[in-house]
Amino acid sequence: MSDIVIGGDLTVDRLGYGAMRLSGDPGIFTPPKDRAAAVAVLRRAVELGVNFIDTADAYALGDNERLIAEALHPYADGVVIATKGGNTRPSADEWVPLGQPAYIRQQAELSLRRLNVETIDLYQLHRLDPNLPVADQIETVADLQKQGKIRHIGLSEVTVDQLKEAQQVAPIASVQNLYNLINRQSEDVLEYTAEQGIAFIPWFPIAAGEHAGPDGPVGRIAAEVGATPAQTALAWLLRRSDNIVPIPGTSSIAHLEENVAARGVVLTDDQYATLDGLASA
Ligand SMILES: NC(=O)c1ccc[n+]([C@@H]2O[C@H](COP(=O)([O-])OP(=O)(O)OC[C@H]3O[C@@H](n4cnc5c(N)ncnc54)[C@H](OP(=O)(O)O)[C@@H]3O)[C@@H](O)[C@H]2O)c1
């Protein structure tokens, strides 16, 4: 499988892992019911060569970061933990962006503690706060970068215009937007990030398992390739653009192993084109 270099110095395998699903249901608000099983999933991911793991301070109110440290600290060489801040959780049903500098600085400090690192490799603003200028929010994370608390700045759910505005203030290493085989609402953002050498991290890469069923849109091609539908959806993403780093999430070792094996799935040009035609947005 191919590597990608994020921000000029973080070399990772392009098939990453999103840890959000290792939080309790409903609402990604509580710790996992089976903590030992969650720890085992994280350890198995690293054993399989996954070295890019995505989390956020908002997942289980910080417990997701703590869980990653519990499972993986001291981190093996080359393992990159990307986290996010700037999304508050007043309740299990709400995600409310908050970009006040004092809050972001506090949250970065808490992430440093919970992840047990001196520098966060990739710190992503989970959402831009619509009540504050974009430039002010980027200045806050650029300050954290100058202080050595974070290495690289990433953004999540941004438009091309917002990304360009952010780039006026500081280099942006990654963008994490909703994107998958069917939902291409961020196609323009993907194209712009590819031009700019910015990593594009598509969240919801297999649409919460919706693309994983044998009767789903990818089922026929998956059968042709001899892969599962989830693997086929991931293989399409990996081929779509070299700057894509999918982070499929799962709480199951079997699904993790299946997803990681998508690295080896090769689509023919015709199969790729057919999958490409499935987009609904
Ligand atoms: N930036 C943002 O705003 C944002 C928003 C949402 C998520 N994220 C990040 O993106 C990551 C991925 O997003 P996501 O978890 O929402 O979506 P996803 O990876 O498309 O879907 C994960 C869901 O699909 C199921 N699944 C995974 N592999 C499967 C397989 N091989 N076969 C059948 N079902 C499978 C999982 O259930 P099982 O547990 O049963 O396998 C889980 O419920 C998250 O973990 C998080 O790190 C970011």
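Pairing each residue of the stretch 43-63 that is crowded, with 19+ Cβ neighbours inside 10 Å and assigned to a helix (DSSP H, G or I) with any residue that is modelled with pLDDT of 95 or more and among the charged types (D, E, K, R), provided the two are 6+ apart or on different chains, yields C-beta distances under 8 Å for Y59/E65; G62/R114. Those residues that are of a type outside the set (D, E, K, R) and more than 20 Å from D54 (Cα to Cα), I need them from the stretch 149-162; list them, please. Residues satisfying the conditions are T159, V160, Q162.
For every residue, the table says whether it meets (1) touching an Asp or Glu at 6+ places or on another chain (Cβ under 8 Å); (2) under 18 Å from G99 (Cα atoms).
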residue	(1), (2)
Q167	no, yes
Q176	yes, yes
Y192	no, no
E210	no, no
G213	no, no
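When we screen R21, R44, R66 for residues that are more than 16 Å from the chain's Cα centre (by Cα) and within 15 Å of the ligand (Cβ to nearest atom), the only hit is R44. For the stretch 214-229, state whether one or more residues are in contact (Cβ under 8 Å) with a residue 40 or more places away in the chain and basic (K, R). No. The residue that is nearest to the ligand (Cβ to nearest atom), counting only those in the stretch 239-264 that are buried (at least 21 other Cβ atoms within 10 Å of the Cβ), among the aliphatic types (A, V, I, L, M) and farther than 24 Å from R35 by Cα, is A262. For the stretch 132-155, residues that are touching a residue at least 12 places away in the same chain (Cβ under 8 Å) and part of a loop (DSSP other than H, G, I, E, B) total 3. Only one of the numbered conditions (1) touching a strand residue (DSSP E or B) at 6+ places or on another chain (Cβ under 7 Å); (2) surrounded by fewer than 23 Cβ atoms within 10 Å (Cβ to Cβ) is violated by R105, and that is (1). Scanning the stretch 144-174 for residues that are under 16 Å from G8 (Cβ atoms) and among the β-branched types (V, I, T) turns up I150, I153, I172. The residues listed here are L238, L275, L234; of these, the one that is touching a strand residue (DSSP E or B) at 6+ places or on another chain (Cβ under 9 Å), part of a helix (DSSP H, G or I) and of a type in the set (A, V, I, L, M, F, W, C) is L238.
The values are calculated or read from the model by the stated rules, or taken from the named source; none is laboratory data. These numbers were taken from a predicted model, which means no experiment stands behind them. A quick note on method: Cβ atoms are made from the backbone with ideal geometry, for glycine too, and the neighbour counts reach across all protein chains shown.
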